[in-house]
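Written below as structure tokens is the structure these notes are about.
The values are calculated or read from the model by the stated rules, or taken from the named source; none is laboratory data. Computed from a predicted structure; not experimentally measured. No Cβ is skipped: glycine too gets one built from the backbone with ideal geometry, and neighbour counts run over all protein chains shown. The protein model used for the area step is the full one, side chains on, heavy atoms only, and it has no ligands, DNA or RNA in it. Shrake-Rupley method; radii C 1.70, N 1.55, O 1.52, S 1.80 Å.
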Amino acid sequence: MFEGNEVKQGLSGKSVLIVGAGVAGLSAAFELEKVGHSTQILELQHRVGGRTKTLRGGFSDGLHAEGGAMRIPPNHYLTNGYIQKFGIPVRPFINSNDNTWLYLDGESKIRTKVDLYKRTIEPISTYSPAFGTSLVEYLRDELGEWWTDRPHTPVDGMDTIAKNFIKPQHTNIENTTDLAKRIKFGANVRCVKKNPENKVEVTARNVMTGTDQIYTADAVIITVPLTILRQMDIDLAEDCRKAIGNIHYQPSTKVVLQCKSRFWEKEVGQGGFSKTNLPIGQLHYPSPNDPRIPNGRGLLVCYTWEQDALIFGSQSETEAVESAVREITKIHPEMKKEFEVGMVQAWFNDNSAQGAYASLLPNQYNSGMKTLMTPDHPIYLAGEAILYTNGRVDTRGHRIWP
């Protein structure tokens with residue numbers, strides 16, 4: 001689909017560059033290709049999925065955990081629509097379990113019954129890290145019922161959503177869309193400029209060779225996190241650049257630990273989270289229908305935010321894993337002898353993300369989001385941060401042409 005460095009026009013006469021091969025970028029390319037436009041995706045990493053990142057390689061065969069997004073509520077209609085379209089098998093994600101623990105200050109260890117949880121939420125600063133964020137964030141979650149008891153997750157990992165986008169798909173124009181052929185991996189986008197013909201020129205540097213290539217198209221959709229976007233040389237109005245720099249991103253780090261047995265099931269059962277003000281934040285237990293392997297091994301996930309996430313992220317992987325094991329042992333003494341190997345995903349240390357998700361501060365819906373949602377042809381912003389359900393794995397982008 002290239003003529004030199006220019007993206008060739010599609011059947012409907014438009015060519016579009018897309019920066020980022022996360023779920024937002026892939027879905028944008030998928031929908032544009034369906035209606036006859038031509039796309040080229042530029043991705044910094046060697047994989048698709050963005051912040052849907054399933055961790056597998058460091059664990060026993062058959063085990064996996066989510067380094068990023070891990071559950072999908074029923075009202076994430078767009079994501080669930082693609083899951084249904086692609087025929088991706090899902091299983092329930094057990095979000096709450098009354099047998100798990102509420103562990104405070106090394107002294108209190110009580111079952112997390114709903115009434116006890118509500119009466120003790122105030123002192124748990126680690127589990128509720130974002131009290132300074134916009135009230136809209138809380139109202140959206142509560143009124144929208146984001147965290148119902150019925151979330152689910154793909155059986156084979158969240159990254160299967162992105163992987164299905166790059167499988168050949170039949171479209172309604174008697175054509176087959178093959179996004180795998182549209183992706184350029186290892187492309188670090190550094191500059192986005194409008195040219196006199198009202199087209200856009202995007203300069204991307206190969207991360208291995210250091211060589212630059214300039215791509216030209218009718219439009220560009222930029223889906224990368226705003227923390228990455230603000231480091232690009234890009235033709236945007238001053239108010240837009242200011243909004244990009246001000247949007248708050250939440251630090252988050254996950255530490256995933258493989259154990260010889262699922263010893264915790266004798267005490268807390270399956271699924272849910274133990275809440276704690278220890279540095280590990282909250283401790284997630286595998287659901288009953290999580291992947292199980294014959295030798296009985298299982299994975300525990302420490303989920304941290306804010307300062308604790310930055311602390312774990314600043315440590316070496318060995319130090320972070322050692323710290324997590326030490327803290328879990330205070331809740332589950334068996335951990336010390338059952339632990340085997342671990343992995344760490346620190347999103348602020350990830351050079352393709354530099355933050356976990358947008359978590360807006362007071363007034364940022366009015367002062368920032370409205371500006372960022374206003375298109376400035378031929379440059380369009382999309383992705384997790386550029387929608388009112390930010391911080392979620394739902395997908396949405398700006399409509400370019402009718």
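One chain, two ends: Lys85 and Phe185. Fully extended at 0.36 nm per residue, the span grows by 33.4 nm beyond their Cα-Cα distance. Candidate cross-link partners of Lys254 among the lysines, defined by an alpha-carbon separation under 16 Å and a same-chain spacing of 8 or more, comprise Lys53, Lys275. Across segment 227-239, rounded Karplus estimates of 3J(HN,Hα) from the backbone phi angles (6.51 cos²θ - 1.76 cosθ + 1.60, θ = phi - 60°) give 4, 7, 4, 5, 8, 8, 8, 9, 7, 10, 5, 4, 5 Hz, Gly and Pro being marked x. A simple spin-label model places pseudo-atoms 7 Å from Cα toward Cβ; at Val207 and Glu265 they are separated by 3.8 nm. In the frame of its principal axes, segment 50-93 has Cα extents of 33, 19, 19 Å, reported largest first. Net charge dipole, segment 238-325: roughly 380 debye, given to the nearest 20, about the Cα centre with Cβ charges of +1 for Lys and Arg and -1 for Asp and Glu. Each Lys or Arg adds one and each Asp or Glu takes one away; over the other residues whose Cβ falls under 14 Å from the Cβ of Gln315, this sums to -3. Across segment 275-347, the fraction of Cα-Cα pairs farther apart than 14 Å, rounded to a whole number, is 61%.
Measuring between their Cα centroids, segment 274-301 and segment 360-385 lie 36 Å from each other.
Protein heavy-atom accessible surface, 1.4 Å probe, per residue over segment 193-292: 39 Å². Per atom type, segment 37-88 shows carbon and sulfur on 51% of its accessible surface, probed at 1.4 Å.
Computed on segment 253-402, with alpha-carbon pairs under 8 angstrom and 6+ residues apart, the relative contact order is 23 percent.
Taking Cα pairs under 8 Å and at least six residues apart, what relative contact order does segment 315-372 come out at, in percent?
Working: 21 pairs, mean separation 12.6, N = 58.
Contact order relative to length: 22 percent.
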